[in-house]
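Quick notes on the structure that follows.
The values are calculated or read from the model by the stated rules, or taken from the named source; none is laboratory data. None of the values given here were measured: they were computed from a predicted structure. Positions of Cβ are generated from backbone atoms using ideal geometry, with glycine treated the same way; all protein chains shown enter the neighbour counts.
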Amino acid sequence: MRHRWISVLICAAVSAAATTACGTGGASQTADGKTELTIATFNEFGYEELFKEYEAAHPDVKITQRKTGQGQPHHQNLFTKLGAGSGLADIEGVEEGYLSQVMSKASQFNDLKEIGPKVEDGRWLDWKTQAMTTKDGKLIGYGTDIGPLAMCYRKDLFQQAGLPSDPEGVKALFATWDSYFAAGDQFVAKVPGVAWFDSAAQVYNAMHNQLETGYYDKSDKLVVDTNADIKSNWTAVTGAVAKGQSARLGAFSNEWNTGFKLGKFATKTCPSWMLGVVETQAGPENKDKWAVTDAFPNGGGNWGGSYLSVPKQSKNAKKAAELAAWLTAPEQQIKAFKAKGTFPSQVKALEAPELLEQTNAYFGNVKAGALFATQAKKIKAAQYKGPADGQIQETVFSPALQSVEQGKNADEAWTTAVEGAKKAAK
């Protein structure tokens with residue numbers, strides 16, 4: 001799945017007053033007669049203080065949070081309990097990397113247009129809402145955060161290569177993928193022992209998500225072997241690998257983490273949440289060496305973000321929808337942003353002074369909030385995700401690209417990827 005920077009946490013302990021235990025499903029009454037609403041989240045949504053605020057304004061409601069440290073076990077639990085027909089929370093978080101699987105089970109989720117409170121038109125960026133809207137117009141998730149893409153790079157390494165190093169000067173290098181890979185050729189020729197980017201899969205996935213049509217067309221037909229844009233991206237990335245541009249580091253591995261600290265690569269595809277990853281892994285000794293620019297090859301893109309859904313298993317669906325709508329209102333999303341840095345998907349939140357004036361000291365006090373708000377508005381539409389889309393990306397194409405980095409012939413790896421995609425789609 002696509003990753004957000006996380007702190008590993010365990011499922012939150014349930015209040016002693018509650019009768020529903022962590023890991024069981026459905027809403028219930030607490031010992032003092034309040035309506036208990038359960039909400040299952042993962043990573044950091046920034047909701048802890050918001051829950052207290054909501055409970056203070058709704059004294060008849062008790063919120064119980066089930067929180068897992070990573071998205072994968074959360075979603076495994078979600079799909080298992082969807083299959084079992086019981087055990088889900090009233091509100092379930094859904095990460096965008098699992099959208100295709102959730103949308104294939106849309107009938108098991110409530111239409112929030114039908115059961116939820118009326119929300120203002122245009123609350124979310126259009127593409128954010130489109131991604132969680134079924135073909136027949138049902139909205140099965142309220143948008144929370146997003147991960148608009150920019151480009152991070154090492155200023156000192158660019159200077160060593162004789163490349164422009166200020167955020168304005170590098171924009172020409174990052175104008176298109178052709179210019180990006182051309183700059184990579186210049187870089188590796190001038191700075192031996194340092195790669196241009198971290199991982200083939202990280203670059204490829206960003207390129208892929210920009211395509212109008214991805215692994216599936218809108219009729220759910222797999223088009224991996226007929227979509228020329230997919231093969232073109234594959235050829236560009238594997239060609240760069242062959243020229244030494246990849247550090248060949250598996251994303252989020254220990255070696256990848258260390259690569260930031262040791263300066264093993266010069267550029268990084270950077271969704272908004274990646275700034276925290278860079279700062280944590282590169283460490284204080286590399287402060288001011290990293291920069292971020294509001295340029296990204298071929299425009300913009302998104303990597304990351306989530307939704308709040310209300311399964312039909314919920315025993316208090318309307319109240320759950322009211323809570324989910326409140327949590328995803330612009331005012332609350334600004335508070336969540338301040339708490340945990342989750343970048344909002346709400347139009348009004350993207351125009352809020354608290355967001356636009358936010359700076360990042362590690363990256364030279366850049367106005368990161370304004371930069372990523374600009375990037376978010378460049379995204380015009382959400383790519384349609386078919387039934388096995390996430391599986392194809394994570395368990396087929398990413399390993400195939402890693403095999404090329406490990407020495408496998410790119411054409412042979414492509415054949416393996418196509419065959420793997422067809423198996424995954426069955």
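In a residue-by-residue description of the range 42-56, the property of being touching a Ser or Thr at 6+ places or on another chain (Cβ under 8 Å) and either assigned to a strand (DSSP E or B) or not assigned by TED's automatic domain parsing to the domain that holds residue 318 (or both) applies to at least one position.
Take the conditions farther than 18 Å from residue 321 by Cα, hydrophobic (A, V, I, L, M, F, W, C) and touching a residue at least 60 places away in the same chain (Cβ under 8 Å) and apply them to residue 50. Does it pass? No: the conditions fail for residue 50.
Among the residues of the range 211-226, write down those that are in a loop (DSSP other than H, G, I, E, B), surrounded by 13 or more Cβ atoms within 10 Å (Cβ to Cβ), within 24 Å of the chain's Cα centre (by Cα) and not β-branched (Val, Ile, Thr). Walk me through how you get there before you give the answer.
Filtering the range 211-226 for residues in a loop (DSSP other than H, G, I, E, B) gives 211-215, 217-221, 223-226.
Keeping just the survivors that are surrounded by 13 or more Cβ atoms within 10 Å (Cβ to Cβ) gives 211, 213-215, 217, 220, 223-225.
Retained after the next criterion (residues that are within 24 Å of the chain's Cα centre (by Cα)): 211, 213-215, 217, 220, 223-224.
The answer is 211, 214, 215, 217, 220.
Taking residue 332, is it among the polar types (S, T, N, Q), more than 28 Å from residue 178 (Cα to Cα), crowded, with 19+ Cβ neighbours inside 10 Å and in contact with a Leu (Cβ under 6 Å, 6 or more places away or on another chain)?
Values: among the polar types (S, T, N, Q): yes; more than 28 Å from residue 178 (Cα to Cα): yes; crowded, with 19+ Cβ neighbours inside 10 Å: yes; in contact with a Leu (Cβ under 6 Å, 6 or more places away or on another chain): yes.
Yes.
Do any helices (runs of 4 or more DSSP H) lying entirely in the range 309-426 carry at least 2 residues that are more than 25 Å from residue 46 (Cα to Cα) and in contact (Cβ under 8 Å) with a residue 12 or more places away in the chain, and which ones are they?
The qualifying helices (runs of 4 or more DSSP H) are 398-405, 410-425.
Within the range 252-262, which residues are crowded, with 17+ Cβ neighbours inside 10 Å and in contact with a helix residue (DSSP H, G or I) (Cβ under 7 Å, 6 or more places away or on another chain)? Correct list: 260 only.
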